[in-house]
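Quick note: the coordinates plus some simple rules give every number you see, no bench work behind them. Every value quoted in this text rests on a predicted model; they were computed, and no experiment measured them. Positions of Cβ are backbone-derived with ideal geometry, glycine not excepted, and every protein chain shown enters the neighbour counts.
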């Protein structure tokens, strides 16, 4: 069950006012109401520089993964047999793995972890996890769910194909829950191999507007957030 936090006191500039690299603004806070307002406006937070102030991004083009366009290869189907998909059973372990300081481009710091934990406890952030047959967390992802919109924030793997399997699990949850938009922010070769595509910012914002207003919650029938 989602609990709505207090509204944010901040007002974001329109997403289409972003600079050449996609930054709309610098500063504000990462309180739950601020984060939700940003996602609804087409923005997401990430420091512009390591240990720098928080920046709010709206890249053009924007990476999305069409829910009817997921590519599952034969080898990935074989990998899927090795893992069990769970939802919202290991938030702390997932975000810690995603924020491992040994990873390149690390930016998920203590402040970010605390902010998304608060949203998780309120029912707006979810994890999808791949567990191996020995009960070990092999990979997973987390992101923000608003109506029929899901913003994938980060993923990780400790074992082969585990993050891909978690993504397949996420798409299955979103499809079953009548979601319409899976945002991956920027495309990468890895995501493109799974079906991610770039769309113009204007197109993305149109898709977003329709998705966030849908009266659905794809995670409402999944396991509740772990304490």
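Relative contact order for region 15-57: what is it in percent, counting Cα pairs under 8 Å that are at least 6 residues apart?
Numbers: 49 pairs, mean separation 19.1, N = 43.
Once divided by the residue count of region 15-57, the mean separation gives 44 percent.
Spin-label model, residue 118/residue 172: points 7 Å from Cα along the beta carbon direction are separated by 3.4 nm.
Per 0.36 nm of contour for each residue apart, how much would the distance between residue 93 and residue 1 grow if the chain were fully extended, relative to their Cα-Cα spacing? Spell out each step's value before the answer.
On the way: separation 92, 0.36 × 92 = 33.12 nm, distance 2.19 nm.
Gain on extension, residue 93 to residue 1, equals 30.9 nm.
The orientation-averaged projected area of the convex hull spanned by the Cα atoms of region 89-135 comes to 3.9 nm².
If you average 1/r over every pair of different alpha-carbon atoms in region 1-95 and take one over that average, what Kirkwood value in Å do you get? With all distinct Cα pairs of region 1-95 included, I get 16.4 Å.
Compute the FRET efficiency between residue 20 and residue 81 as 1/(1 + (r/R0)^6), taking r as their Cβ-Cβ distance and R0 = 41 Å, and round to the nearest 0.05. Intermediate values should be presented prior to the final figure.
Values: r = 45 Å, r/R0 = 1.10.
Using R0 = 41 Å, I get an efficiency of 0.35.
Note on residue 213 and residue 30: their simple-model spin labels are 3.1 nm apart, each label 7 Å out from Cα toward Cβ.
So, by mean Cβ neighbours within 10 angstrom, what's the order for 185-197, 134-146 with the highest one leading? Can you show the working numbers first?
Working: 185-197: 15.9, 134-146: 20.7.
Sorting 185-197, 134-146 by mean packing, highest first, produces 134-146, 185-197.
Could you give the length gained on full extension between residue 189 and residue 103, defined as 0.36 nm per residue of separation minus the Cα-Cα distance, in nm?
On the way: separation 86, 0.36 × 86 = 30.96 nm, distance 1.75 nm.
Extending this stretch completely gives an extra 29.2 nm.
I'd like the distance between the alpha-carbon centres of region 2-49 and region 147-197, rounded to an integer number of Å. With region 2-49 and region 147-197 each reduced to a Cα centre, they are spaced 22 Å.
For region 15-57, what ratio Rg/Rh do Cα atoms give with a Kirkwood hydrodynamic radius? Don't skip to the end; give the middle numbers.
Values: Rg = 9.9 Å, Rh = 10.4 Å.
Reported Rg/Rh, Kirkwood definition of Rh: 0.94.
In units of the compact-protein estimate 2.2 N^0.38 Å, the chain shows a Cα radius of gyration of 0.96. Taking the average, over residues, of other Cβ atoms within 10 Å as the packing measure, peptides 9-22, 171-184 rank 171-184, 9-22 from highest down.
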